[in-house]
Every structure is written in structure tokens, then in C-alpha cells.
Amino acid sequence: MFWIICAALAGVVAIAIAAPLLRRRGVAGDEPAAAYDLRVYRDQLREVDRDQERGVIDAGDAERLRVEIGRKVLAADRALQASGGTRRGAGGIAALAVLVVVLAGAFPLYQRLGQPEHPDQPIARRIAEAQARYDARPTQAEAEAKAPASTAPALSAEDMALIERLRQAAGQRPDDLQGQELLARYEQALGNLAAAKQAQSRVVALKGARATAQDYAELAELAARAAGGIITAEAEAAINRAGTLDPANPLARFLAGYLQVQSGRPDRAFPIWAALLAEGHRAEPWHAFVRSSIGDLAWFAGRPDYVPPEDAALPGPDADAMAAAEDMTPEQRRAMVQGMVQGLENRLATQGGTPEEWARLIGSLAVLEERDRAGAILAEARSRFASTPEALATVNAAAKQAGLE
């Protein structure tokens, strides 16, 4: 019975689709335009005869109208003969053939995918596939070899000379902890992620037992970025070490969730990222990426009813500071603004921040006409948000508005 109903419905739909394709072309859908014109002209000839009989027009006007309409009748008749009388709409047969092919292919496709008794994909099979994807990850070296090259910021010859001296000093004194920390930071800013990862790895090794969870988390992040966004076994080991030292470390937890997303386990990634959003962490560079992804992640994790928490407003000057600024001289107001900008810059350098805060700092420095400083901040922001397109777009928009592009 089910198949009879399906066949009947398919037949009705096929007829409804095929009817316009096979309909004869013309006005009213049954004749070509020339046939309709011919009928109209003949009606006009009869109307001329009636007008003459009623005395509306004289014999001369009637004859002139008959001649004019007669020429139109001849032209319409020639057009009708040239069109072959009636004909099918252009492309109708081809469209009908396509319809037949679609209907013929629908049955075997339904046989394969659409049967009500077709079994679901077992959860065990999906977990096994996720495990196979996890096991098939490339090594760090393989991933780095295939990773796309990062775009390096434009630097002056003097800045490049300073960085080269830093590289030489770090190479000559590999046990200098401060030198390795500086090298990791500047190589990251330049987009040399593999070199930054190597320097950070050296930092962790030099610190030994004093290495913190953040040290390991930053090493894992650099390893993942150097590998083109893939969390390899090497990066995972650093994540696990960071989680052992500090289970609450936000960066390590973000990367742990990202590893589960990468492996095809949204059920494991969702609770990690949902907890991070609930705690805030809005100043973290990965916050925008997590917020933009959490909706889809919740759906795949079986939580379509999940509603992410609202973000708090960006910090700014309070009402008292704004009121005090009204009584300041222009020099005092500029000094106050510079102090606020310096405070924001210091916080972003030590604690990180959102893309909007980095964009605000870039714009503020441009307004203060400190364009070189704004360019340096722009380079650092691009390096921080290189793996998050949405955040990078916010930073680039601020750079364009500030005239730094």
C-alpha cells in the first residue's frame, strides 16, 4: 500500500511538472502568437463592415481600413505558416527527458537512503570513526611541512637587524631563559611559528620543574598554529601537561576542546567550551571563535536548546572620569587619554584581550598620531588572531579605518 501511494504521488507530481513543458506555445497556451493575431485581424474586418452598415464611417474610409488590415492578415498568415502552425515550447522535450531521468533515479536512491527501515548509523561506529581520525593525525613535522606560510608584517631594516641580533644571541646562548622567551615572542609576532614553537619548547626545557601550566599551554598553541591548526600528538602532550599542572587553565581547556572538535567528538568538546563561555574569559583571543562556533557544536552534541551566555560590555572610562575630563585643558585631556591607552596596551600585552580591544587600541594610537606604535600593535594582533578569521577581520577593519593599510 505504501508503494502504491508513493507511486501515485510521484505520478501526480510528474504530470504537474510535465504539463507546462509539453503545452503548445502561444497566447492562451494553445496556439502561437501569429494565430491569435490572425483571428484579431479578421474580427477587425468584420467590425469595419458593421461600422459601414451603421453609417459610422463612409465607404472610402472603410475601403482604406480593409486594405490596411488585409496587409496585416497576410503578414500574420505568413508568420503562422513559417511556424508550422503549432509547436512545442523551446526546450520542452529536453526538460521532459531530464524529468524522466530524475524520476527513474529517485527509486534506487530511495532504496539506498530513504527506506523507513534503513538502520541508523550506530553510535559505536561513529565513535570508532572518530577514534580512527584521531589515530591518523600527522606528526608535528608532517603537519608543519604542509602548513601554509604565514604572512609576515612589514618591518623596517632597523627592526629586522635587531631581530637578527636576537636570533644570533639566542643561538650562541641557548641556556639564556630570557633570550629564549624574547625569541619566542618576536618569532611569533613575525609569523615564524615553527621557530617560535622551538623557542618556547626551549623555554619549557630550561624552566624544568618551574615551568607553569601557561608555559605548556602556550607551547601547545604554538605547535598547533605551526601545524596549520592541527593538534598533533606533540601539542596534545603539552595540553595534557598544562591540564595536570592547572586543570582550570583557560588556554589548555580551549585547546583540549579543539582537539575533540578536530577528532569528531562534539559531545566531548561542547561541555568544555560551554564551561569556558559561562566563566567569561572574554579577554582571551580565542573567545570570539568559541562563541561563534558554540551554537553548531551544541546542535551536533545533542543540545539544540543551548543558549550561550550574554557578553558583558567592553570596559571603558567611567562617568566620573568623563565628567572630570570636561574641566581639563586640551593638554591634560591628551595626557589622560594617553594614560588610558597605555594602560590598555599594558593589559593586552600581559593578559591578552578581545579582538575589539585590540582594534580599539590600534584606533586610539592612530588618533594620537603614533602610527609606528599602532603598526607594531597591529602586527602583534594579527599574529595572535591568525588562526581565528572572525577576530582577524575585526583587527583588519580597525587597521583600514585607521589608515594603516
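We did not get these values from a lab; they are worked out from the coordinates using the rules stated. Because the structure is predicted, anything quoted here is derived from the model rather than measured. Glycine gets a Cβ as well: all are built from the backbone with ideal geometry, and neighbour counts include every protein chain shown.
Inverting the pair-averaged 1/r between distinct Cα atoms of segment 155-269 gives 14.7 Å as its Kirkwood hydrodynamic radius. LEU162 to VAL307: FRET efficiency via 1/(1 + (r/R0)^6), r the Cβ-Cβ distance, R0 45 Å, to the nearest 0.05? Given R0 = 45 Å and the Cβ-Cβ separation, E is 0.35. FRET efficiency for the LEU368 to GLN178 pair, using the beta carbon distance and R₀ = 41 Å, is estimated at 0.85. Put simply, when 201-209, 180-188, 385-393 are sorted by average Cβ atoms within 10 angstrom per residue, most first, you get 180-188, 385-393, 201-209.
If a/c stays under 1.5 just call it rounded; otherwise compare a/b with b/c (prolate if a/b is bigger, oblate if not). Do that for segment 116-216, with a ≥ b ≥ c from the square roots of the Cα gyration tensor eigenvalues. In terms of gyration-tensor shape, prolate. Taking the alpha carbon gyration tensor of segment 218-274, multiplying each eigenvalue by 5 and rooting it gives semi-axes of 16, 15, 8 Å, largest first.
Remark: spin-label model distance ASP43-ALA149 equals 7.6 nm, labels positioned 7 Å along the Cα→Cβ axis. Once the Cα-Cα distance is subtracted from the 0.36 nm per residue extended length, the LYS72 to ALA59 segment shows a gain of 2.7 nm. Remark: segment 187-231 is approximated by an ellipsoid whose semi-axes, taken from the C-alpha gyration tensor as √(5λ), come to 19, 11, 7 Å, largest first.
Normalising by the residue count of segment 202-244, find the relative contact order in percent from Cα pairs under 8 Å and 6+ residues apart.
41 percent
For the pair segment 359-400 and segment 211-239, the centres of their Cα atoms are 25 angstrom apart. A straight chain from VAL100 to ALA10 at 0.36 nm per residue would run longer than the Cα-Cα distance by 31.3 nm. List the lysines whose alpha-carbon lies under 16 Å from that of LYS207, not counting same-chain residues fewer than 8 positions away? Filter leaves LYS197.
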